[in-house]
1. Would you list the membrane-span-like helices of the chain, meaning whole DSSP H runs whose alpha-carbon atoms span at least 18 Å along their axis and whose mean Kyte-Doolittle value is at least 0.5?
2. At 222 nm, what value in deg cm²/dmol follows for the chain if DSSP H runs of at least 4 each add -39500 (n - 2.57) and the sum is divided by all its residues, to the nearest 500?
3. Given the pairs 44/117; 70/117; 18/152; 152/184; 10/83, which are separated by over 28 angstrom at their Cα positions?
4. Ranking 78, 128 by Cβ neighbours within 10 Å, fewest first, what do you get?
5. Let me spell out the model: positive unit charges on the Cβ of Lys and Arg, negative unit charges on the Cβ of Asp and Glu, origin at the Cα centre of the stretch 1-109. What dipole size does that give, in debye rounded to 20?
6. Considering every pair of different Cα atoms, what Kirkwood radius, in Å, is found for the stretch 3-186?
Amino acid sequence: MNSQIRSLEKLLKEHYHKYKSPSHGWDHIQRTLDYALRISENEKPDLNILIPAILLHDIDRSEKEHFSSKLPEEFLKRAGFSKREREKIIRCIETHSTFSQKSPKTIEEKILFDADKLDSFGAVGIARFFIFAGENKWGLETALNDAFERIKNLERRGFYTKEAEKIGTEKVRNSLDFFLTAMKELGIK
């Protein structure tokens, strides 16, 4: 890991610990990084772009699913990243959501998208989802409907890498089964 990434990581750990988002905290960042590094073994991305993008991808969650490049840009400048590097990193962040209007194009963008989604499904993803719903003060029906929107968006887009597809298929299926069962029990169609 280069000195810029180490500097960025130090700055961000402090920020995430102050921010204290149970659903999108430092532990989520670490799991996303772990998934990304696993995917990277087959894909060979530029880790000097991918790792900072992972570290920053949820740094600005002031509004649901809306991204502002202002805070990531500030952290990247403080850590010493060039303008060109900052542009590539921010583009990765802009394309990581299933709700984004922009689709991932580069391998770094695709890996961030996939790694983030892998932590959003399965048992851990379901737990995180309900924590997120609580943070937003959603009722159960709203939460379940939102969960289905996320699954539909992911099904429409799919995973971008073979490794994520291999890991994620069962996780998404298990999540879908859970949410369908919950909706059935509640009489929600």
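1. In the chain, the long hydrophobic H runs are 122-135.
2. -23500 deg cm²/dmol
3. Details: 44/117 19 Å; 70/117 24 Å; 18/152 33 Å; 152/184 18 Å; 10/83 21 Å.
Check vs 28 Å cut-off fails for 18/152.
4. Ranked by crowding around the Cβ, least crowded first: 78, 128.
5. Details: 20 positive and 18 negative charges, 58 e Å.
The calculated dipole for the stretch 1-109 is roughly 280 debye.
6. Working: mean 1/r = 0.0598 Å⁻¹.
Answer for the stretch 3-186: a Kirkwood hydrodynamic radius of 16.7 Å.
Throughout, read-outs are computed from the coordinates displayed, never taken from laboratory work. Computed from a prediction, not measured in an experiment: that's the story for all the values here. All Cβ positions, glycine included, derive from the backbone under ideal geometry; neighbour counts span all protein chains shown.
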